[in-house]
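The values are calculated or read from the model by the stated rules, or taken from the named source; none is laboratory data. Being a predicted model, the structure only gives us computed values, none of them experimental. Quick reminder, even Gly has a Cβ in these numbers, built from the backbone with ideal geometry, and neighbours come from all protein chains shown. For accessibility, only protein heavy atoms count, side chains too; no ligands or nucleic acids. Shrake-Rupley method; radii C 1.70, N 1.55, O 1.52, S 1.80 Å.
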Amino acid sequence: MADISVRPMTADDAGRVLAIYQAGLDGGDASFETTAPTWTVFDAARLPDHRLVAVDADDIVIGWVAVSPTSSRAVYAGVVEHSVYVDPAAHGRGVARLLLDALIASTEAAGIWTIQSGVFPENVASLALHQRAGFRVIGTRERVGRHHGRWRDVVLLERRSPAIT
């Protein structure tokens, strides 16, 4: 992984970020979404201080992670929901773990105490990744939504920061 680094996401990364997002959506087990949003919509929905990209030695984006607030209520200011996506050509290289570790450091430094996510149970690689990164399964929302004509369950995961008490 010496040839992979993590840096803040910028608007110049929009094309690669959205292409990687769409590739994940096309795989069918990443999200209820089927089409990546425009950059304007993506940008507006995610907290700017916690958007990171993994890049190769040529500074080509090969993965990204970002968070969205879960609520506008002040009591939930330290709770975010995250997404992490990796270019299919870079799978198996530790990119997602590198991104998650950087996100955890970024959010903890900002006082965020909980990172949560919802993952389809069929996405076993993502579930294993999250558990290795310190996330725990909270439960499963059964048949919570329809996706490509079938009901889908969602496994809820969270990571509570041990550094923020």
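Take the conditions (1) touching a residue at least 40 places away in the same chain (Cβ under 8 Å); (2) within 14 Å of the chain's Cα centre (by Cα); (3) closer than 17 Å to residue 69 by Cα; (4) open to solvent by 10 Å² or more (accessible area, probe 1.4 Å); residue 160 misses just one of them, which is (2). Got at least one residue in the range 65-77 being farther than 18 Å from residue 161 by Cα, of a type in the set (Ser, Thr, Tyr) and open to solvent by less than 60 Å² (accessible area, probe 1.4 Å)? Yes, the conditions are met somewhere in the range 65-77. Does residue 102 satisfy the criteria of being farther than 19 Å from residue 154 by Cβ, within 16 Å of the chain's Cα centre (by Cα) and open to solvent by less than 20 Å² (accessible area, probe 1.4 Å)? No, not satisfied.
Count of the range 6-21 residues, restricted to those that are surrounded by fewer than 16 Cβ atoms within 10 Å (Cβ to Cβ) and either in contact with an Asp or Glu (Cβ under 6 Å, 6 or more places away or on another chain) or within 16 Å of residue 84 (Cβ to Cβ) (or both), is 3. Taken residue by residue, the range 109-124 has no member that is part of a helix (DSSP H, G or I), surrounded by 15 or more Cβ atoms within 10 Å (Cβ to Cβ) and modelled with pLDDT of 95 or more. Taking the listed residues 155, 95, 144, 137, the one that is over 15 Å from the mean Cα position of the chain (by Cα), open to solvent by less than 60 Å² (accessible area, probe 1.4 Å), within 26 Å of residue 34 (Cα to Cα) and β-branched (Val, Ile, Thr) is 144, with no other qualifying.
Is it the case that residue 97 is of a type in the set (Lys, Arg), assigned to a helix (DSSP H, G or I) and at negative phi?
yes
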